[in-house]
Amino acid sequence: MSAASSDAAVSAPAAPLTMAKAINAALSDAMAEDDKVVVFGEDVGALGGVFRVTDGLTAKFGEERCFDTPLAEASIMGTAIGMAVYGFKPVVEMQFDAFAYPAFEQVFSHLAKMRNRTRGAVSVPVVVRIPYGGGIGGVEHHSDSSESYFAHTPGLHVVTPSTVEDAYSLLREAIDSPDPVIFFEPKRLYWGKANVALPVHTGRIGTAAVRRQGTHATLVCYGQTVPVCMAAAERAAQEGIELEVLDLRSLVPLDDAAIERSVGRTGRAIVVHESVGFGGFGAELAARIAERCFYQLEAPVTRVAGLDVPFPPPKYEHWYLPDADRVLDAVDRAMSAG
Amino acid sequence: MSAASSDAAVSAPAAPLTMAKAINAALSDAMAEDDKVVVFGEDVGALGGVFRVTDGLTAKFGEERCFDTPLAEASIMGTAIGMAVYGFKPVVEMQFDAFAYPAFEQVFSHLAKMRNRTRGAVSVPVVVRIPYGGGIGGVEHHSDSSESYFAHTPGLHVVTPSTVEDAYSLLREAIDSPDPVIFFEPKRLYWGKANVALPVHTGRIGTAAVRRQGTHATLVCYGQTVPVCMAAAERAAQEGIELEVLDLRSLVPLDDAAIERSVGRTGRAIVVHESVGFGGFGAELAARIAERCFYQLEAPVTRVAGLDVPFPPPKYEHWYLPDADRVLDAVDRAMSAG
Amino acid sequence: MTLLELSARDREGATATAVRPAWDSEPLRYLDEHGAPVEGGIRPTPDTLDPRTLLRGYRALRFARAFDTEATNLVMQGRLAVYPSCRGQEACEVAAVHALTEQDWLLPTYRDSAALVLRGIPAVDALTLLRGAWHCGYDPKQWRTMPQCTPLATQGPHAVGLGLAAKLSGDASVALCFFGDGATSEGDFHEACNSAAVYQAPVVFLVQNNQYAISVPLHKQTHATSLADKAIGYGMPGLRVDGNDLIALGAVLAEAVDRARAGGGPTLIEAVTYRLQAHTNADDAARYRQSAEVEYWKRRDPIERLGRYLTATGALDATVEAEIDEECERYCERMRTRFAEEPAYHPDEMFEHVFAEPTPQLLAQREMIRAEYGSGVEGAAK
Amino acid sequence: MTLLELSARDREGATATAVRPAWDSEPLRYLDEHGAPVEGGIRPTPDTLDPRTLLRGYRALRFARAFDTEATNLVMQGRLAVYPSCRGQEACEVAAVHALTEQDWLLPTYRDSAALVLRGIPAVDALTLLRGAWHCGYDPKQWRTMPQCTPLATQGPHAVGLGLAAKLSGDASVALCFFGDGATSEGDFHEACNSAAVYQAPVVFLVQNNQYAISVPLHKQTHATSLADKAIGYGMPGLRVDGNDLIALGAVLAEAVDRARAGGGPTLIEAVTYRLQAHTNADDAARYRQSAEVEYWKRRDPIERLGRYLTATGALDATVEAEIDEECERYCERMRTRFAEEPAYHPDEMFEHVFAEPTPQLLAQREMIRAEYGSGVEGAAK
Ligand SMILES: Cc1ncc(C[n+]2csc(CCOP(=O)(O)OP(=O)(O)O)c2C)c(N)n1
Ligand SMILES: Cc1ncc(C[n+]2csc(CCOP(=O)(O)OP(=O)(O)O)c2C)c(N)n1
Ligand SMILES: [Mg+2]
Ligand SMILES: [Mg+2]
């Protein structure tokens, strides 16, 4: 183990840290601890990625541990699969959500199925980092939320942090996982800061986190909609409505227990995500809640999600994105029902 | 208009017809009526497709109207988009469900978005034929049900027939549509016969069909699970339980009215499809029903769907596929609830 | 001798379709970096060298540079969401547009805004995407110009479809498709080139090899010495040309477009050029390249080179230059005023063109949004 | 002269990395169709021509043919779900396997079941996929053989990953990846070749050009005269070899594998062969090809050709043939008995290896299925 790795072991004093830097630190610490961890993708080397998330990794670990690839996502994904079969732990970056689409066949037909196909003989511990979501004024193809496609595909773990701590902890967990993990990075939250002492561990993949306790209704959310829901809960509290905010963190595996515990108590649930609502992951959440909490529900489970239209241009996205107002409207409907 | 087209105009006497032949007739009639309709894909020419669905089209209309392409799905899809922009009406075949994955980027980023991107200036009336589903003893990648990915993508119409009549009628509708239509063909039903007089018109895209009327519960299904649900309803009737079978036919647009009408009456709904259950299209259906029929529901909406595992090998698929027994178990749960 | 050498020897038995590659490190060229005809260079047809044609090209180059500079200013003033500059690549933009007739199709990338205005599209419409006002601001059918494509190489198959459609329709129109060097690594690039060759579709694939894909240099994109060599594998002509030499570009493109129009099938052209600016205004090129390299290429500026040649041949003088300066200034003036006024945006727009007819579900969502905001203008003010 | 001719002339300035293509219509060859050394053919190294090596190759060819024939019988008896025969392509199967050491990786397609058994994998395990018993019946790591790949060309990038991993690990292992001619049209083929060349990964891409992609003939797959020419665009060696000539194949593969192992990077090899059977048992080849064509290729059968050569050189005689017949018969005998017994299947299997540890949701589904069927055997009987 290198010096860097023992650094990683002793926790640094809490300091203001952005999510982007926390992810960078998680990569760096993981690479220091295990030289089978390699990072590659488009512009992740000298440039440090278009979001600077891989900044300095090539300088620190060399071209063989963090390198730029030719511009070919299917090949990036397939190369990661081959390297994982050989014994490496590749962490690949898809530069933006929509640019992971060319790699779908590799993900759906191989990454997700290799373990099952080989009866467990071959595992492919690949981590796929995908910056996703809108709110950054990106032109088309730069603001998609594609988690629903992946969550519907058996064999993949799908996680997404909403806090700086989770960004670090979940990524370390993802890299340690023997299963392929799709790691969705809420790009709008990249620059949000928090005082965090690294390394930090916030729980296992598959566990949700209650961000705020409440009694009247549960806001089920993840990634970029967590701060939105926190803001909504803040305002609702001023009107005496106590909303519980449940940050799923992991879509697969899903923490059914945490959801039932919360909704079982509040009797009302509002599912909030940015991805297109129709056939989106929120549908799975709403369906499960309605089925499993049928007798506790005092109002229909409502969804606040991205509109069923292609993600709009920057001048329009504030209308598209779920915001606190839209969440509170849904809360009002839920409170006035039943 | 050519001779063939006037043939198509006068309805032939009812004769036993397979779904595969009905689709073939729909293609042939559409090509005869409009020479902008072209059919292409892998092996659709001389071979007539691996399922013989395009049998005879090249002989009848020539290499320029029905032709084999190089083996490249993204290129097939992108070529169709370019031809549609130019004024053609391409009907392309993806040889099997899983082999449409390489074309996803073209579908998600272009086919679905071109009209919206250009404010309606450019429409891309492409029909994408995808044989899907299991039950034919196919080895891996030959039995996927990928409709959920497409239904979650705004800008696409997604339809799937369960009867010979609908196969013909829906495909004609799809080819006439100014919007891109993903036409899922339930390959296990290809060889099912019915007495049909062509041409036949069974309704507009976006309308569901009640296949059997019932009062106790509604089975919401589409494609390959329609016959499964009909069989279940048959057996339930013998025990005095009258199940309504609603064949959606169109996932996008979705016939909310028909669903609410039925479930509003029966108060119970079981959603049945072959696609992986988790995050599948059934989740959208269950979520909508639970939200919109909240006060009419006497039992939780349950889902009977493909298991949350990669589609298994032929020797295992009978365990994977929803069958009448599994549907009836769900019906029992629904009937005993509430 | 190795089997490689052996098959190399047999290489002499090359057949007709076997197009020889242009992998000499020196691309096809007419002007040297000082704007003088280079010896051993190509011998263009008389009409390519017609002073009026060249002057028209020069005006277009100056115009493209002016437009690009103004757009760069606009993005710095926050009037555009993002802007990928084509500074240094203007010769490719001009040559491509001038090689086409009105009925031909052009398939631009995000980098090719200059080509849009050269085609005649008003600047506000051409820059709608980069302004963030909509995904595309012009009617692709009216201008026979597809929307600027961002998913790399995905426009390639569209060009094949347009070309094949023209061929099947018996039309003489050609589709010219832009790519960057990085895009040649994508599967769609391969599928498009291969399919176009099989269909013998009238398509010209023009790769602007500006040496970088954002930060990734060419040698990490290909191990070959020329991107044009890829043409050999498709059985199509492949040419490597100096992308900063408008005369050479014009000659090469004319040949390719004529061949396509005459039913001779597709051609792959690699135009060797350089991206003088960062990838976009959001990029920091200092992280991955030396200023010396940039200086080297500035000395090979496509505009200066042609300018010197035209001045030497007497086709260009101070008065004409002044004229051009004024035209450009007037154009940029108009751009500034047009971009100063912010149009009104209305949320209904999002729902208008998802389908030919909105679904009941979309109408319901539109109502929800209307209820939230009333008129979109307030919404925009939000 | 046209610019094409011009750049063709400059073609002489070819640099080292510029590998000359093998587009002479005649591929590299040692044996003529009658099994006699062809003049002007390749001159293999002595050890390639070592009689023991060649006899081993011949036995393997005969064995592959016997296995393929038996598998074809099994599918007709309904013991396999489907079977894509490699009849006529055995030389490619044998040459590939014999070119590799145990630590090298092999990436087979659905067509390459013979390569699996040649590698030593028991027939029941090799045919598990095609039997429909599971997706893969052997341990890919134990055999350094990836599962047979069905999504065309998608195994290419996996080969790049295995090769790159070996290179980064300082291991000497090489990855050999099979493709069909049709698969070369897929984007993944391009991305894999291009990336392998950029990484200089130790990979050998072996395209079995059996003239058809199901029903689609080669000329609808490419406009080039050789698939090996694609290598030029990647800056890697490309060779076109007679795929029914085990000696030529052995020589070509040995050179490519050695180069890869020595750090010389990837090679693309096109083996010109023919699929004597239909695409699979489910296919009807009469719909798209003439029997005369099949007859032409039967006369170029790889086994007969090598057999005649070995008989002429005295390395092979009736006794050895009889020996081989018997070995093959014994092997097929065992295959028949092994496939006569149907193993027990249990529904739990479906849930076992979705993840390293089943999720709570999967455990719940497993319970549901158990409740439905109790023991899987009943279920199987269902
Ligand atoms: C499929 C896809 N992957 C990644 C990106 C992100 N991206 C935008 S531009 C770019 C570099 C493109 O380089 P090149 O093709 O050389 O064109 P240039 O920008 O130099 O004109 C990348 C990686 C994208 N737009 N599409
Ligand atoms: C991505 C993908 N598209 C389509 C198919 C369906 N398919 C299976 S084999 C085949 C033909 C392949 O031809 P070729 O690559 O020449 O290999 P061969 O079968 O001749 O060995 C096709 C189209 C597939 N398996 N994968
Ligand atoms: Mg570039
Ligand atoms: Mg083949």
For this session: Kindly provide the set of residues from region B:137-168 that are part of a helix (DSSP H, G or I) and not β-branched (Val, Ile, Thr), ordered by number.
Result: B:GLU147, B:SER148, B:TYR149, B:PHE150, B:ALA151, B:GLU165, B:ASP166, B:ALA167, B:TYR168
Exercise. Among the residues of region C:220-230, is any within 16 Å of ligand 3 (Cβ to nearest atom), more than 18 Å from the chain's Cα centre (by Cα), among the basic types (Lys, Arg) and buried (at least 24 other Cβ atoms within 10 Å of the Cβ)?
Worked result: yes
Exercise. What about D:GLY132, is it closer than 25 Å to B:PRO102 by Cβ, surrounded by 24 or more Cβ atoms within 10 Å (Cβ to Cβ), away from ligand 2 (no atom under 16 Å from the Cβ) and of a type in the set (Gly, Ala, Ser)?
Worked result: no
Problem set entry | B:GLY223 vs. criteria buried (at least 24 other Cβ atoms within 10 Å of the Cβ), among the small types (Gly, Ala, Ser) and on the phi > 0 side of the Ramachandran plot | yes
Exercise. Given region C:162-259, what strands (runs of 3 or more DSSP E) lie entirely inside it while holding 1 or more residues that are facing chain D (nearest Cβ under 8 Å)?
Worked result: C:238-242
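The rows are residues; the columns are (1) touching a Lys or Arg at 6+ places or on another chain (Cβ under 9 Å); (2) over 21 Å from A:PHE99 (Cα atoms).
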{"residue": "A:GLY134", "(1), (2)": "yes, no"}
{"residue": "A:LEU156", "(1), (2)": "no, no"}
{"residue": "A:THR163", "(1), (2)": "yes, yes"}
{"residue": "A:ASP166", "(1), (2)": "yes, yes"}
{"residue": "A:THR207", "(1), (2)": "yes, yes"}
{"residue": "A:ARG211", "(1), (2)": "no, yes"}
Seminar exercise, completed: Considering only strands (runs of 3 or more DSSP E) wholly within region A:19-136, the ones with at least 3 residues that are within 13 Å of chain D (Cβ to nearest Cβ) and not aliphatic (A, V, I, L, M) are A:66-68
Exercise. Is it fair to say D:ASP139 is farther than 27 Å from D:TYR212 by Cβ and of a type outside the set (S, T, N, Q)?
Worked result: yes
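Could you pull out the residue among C:ALA66, C:ALA81, C:ALA133, C:ALA123 that is in contact (Cβ under 8 Å) with a residue 12 or more places away in the chain, within 16 Å of ligand 1 (Cβ to nearest atom) and closer than 28 Å to C:ALA285 by Cα?
Matching residue, one of C:ALA66, C:ALA81, C:ALA133, C:ALA123: C:ALA81.
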Seminar exercise, completed: Taking region A:88-139 and keeping only residues that are more than 18 Å from the chain's Cα centre (by Cα), buried (at least 23 other Cβ atoms within 10 Å of the Cβ) and β-branched (Val, Ile, Thr), one is left with A:THR118, A:VAL124
Exercise. Filter region A:275-316 for residues that are more than 9 Å from chain C (Cβ to nearest Cβ) and of a type in the set (Asp, Glu); which is farthest from C:LEU129 (Cα to Cα)?
Worked result: A:GLU298
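Residues checked against (1) within 16 Å of ligand 4 (Cβ to nearest atom); (2) surrounded by fewer than 23 Cβ atoms within 10 Å (Cβ to Cβ); (3) free of Cβ contacts under 8 Å to residues at least 60 places away in the same chain:
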| site | (1), (2), (3) |
| --- | --- |
| C:VAL257 | no, yes, no |
| C:ALA260 | no, no, no |
| C:GLY263 | no, yes, no |
| C:VAL272 | no, no, no |
| C:ARG275 | no, no, no |
| C:TYR288 | no, yes, no |
| C:TYR296 | no, yes, yes |
| C:ALA312 | no, yes, no |
Seminar exercise, completed: In region B:247-272, anything farther than 22 Å from B:PRO227 by Cα, of a type outside the set (D, E, K, R) and not in a loop (DSSP other than H, G, I, E, B) is listed as B:ALA257, B:GLY264
For this session: Grab the helices (runs of 4 or more DSSP H) fully contained in region B:273-338, keeping just those with 1 or more residues being touching a Gly at 6+ places or on another chain (Cβ under 8 Å).
Result: B:281-292, B:317-320
For this session: With the checklist (1) surrounded by fewer than 24 Cβ atoms within 10 Å (Cβ to Cβ); (2) at pLDDT 95 or above; (3) more than 16 Å from ligand 4 (Cβ to nearest atom) in hand, flag the one item D:VAL174 doesn't pass.
Result: (1)
For this session: Select from region C:264-293 the residues that are in contact with a helix residue (DSSP H, G or I) (Cβ under 8 Å, 6 or more places away or on another chain) and more than 11 Å from every other protein chain (Cβ to nearest Cβ) and list them in ascending order.
Result: C:ALA271, C:THR273, C:TYR274, C:LEU276, C:GLN277, C:ASN281
Seminar exercise, completed: Subset of region A:62-78, residues within 15 Å of D:SER169 (Cα to Cα) and not small (Gly, Ala, Ser), comes to A:GLU63, A:GLU64, A:ARG65, A:CYS66
Exercise. Any residue in region A:113-123 that is without any contact (Cβ under 8 Å) to a residue 40 or more places away in the chain and of a type in the set (Lys, Arg)?
Worked result: yes
Exercise. Of all residues in region D:118-149 being under 14 Å from the mean Cα position of the chain (by Cα) and closer than 11 Å to D:LEU107 by Cα, which is nearest to the other protein chains (Cβ to nearest Cβ)?
Worked result: D:PRO147
Problem set entry | Failed item, numbered, when B:ASP247 is tested on (1) among the acidic types (Asp, Glu); (2) surrounded by 23 or more Cβ atoms within 10 Å (Cβ to Cβ); (3) within 12 Å of chain D (Cβ to nearest Cβ) | (3)
Problem set entry | Hey, D:THR101 within 13 Å of the chain's Cα centre (by Cα), at negative phi and either within 16 Å of ligand 3 (Cβ to nearest atom) or of a type in the set (Val, Ile, Thr) (or both) or not | no
Problem set entry | Check on C:LYS141, touching a residue at least 12 places away in the same chain (Cβ under 8 Å) and either farther than 30 Å from D:HIS223 by Cβ or away from ligand 2 (no atom under 16 Å from the Cβ) (or both) | no
Problem set entry | Test result for C:ASP181, acidic (Asp, Glu), closer than 24 Å to C:PRO302 by Cβ and either modelled with pLDDT of 95 or more or more than 16 Å from ligand 2 (Cβ to nearest atom) (or both) | yes
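Each row is one residue, and each column tells you yes or no for (1) touching a residue at least 12 places away in the same chain (Cβ under 8 Å); (2) of a type outside the set (Ser, Thr, Tyr); (3) near ligand 1 (Cβ under 10 Å from one of its atoms).
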site	(1), (2), (3)
C:CYS177	yes, yes, no
C:GLY182	yes, yes, yes
C:GLU186	yes, yes, yes
C:GLN200	yes, yes, no
C:LEU206	yes, yes, no
C:SER215	yes, no, yes
C:HIS219	no, yes, no
C:ALA224	yes, yes, no
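The values are calculated or read from the model by the stated rules, or taken from the named source; none is laboratory data. All values derive from a computational prediction rather than experimental measurement. FYI the Cβ positions are ideal-geometry reconstructions off the backbone, even for glycines, and counts take in every protein chain you see.
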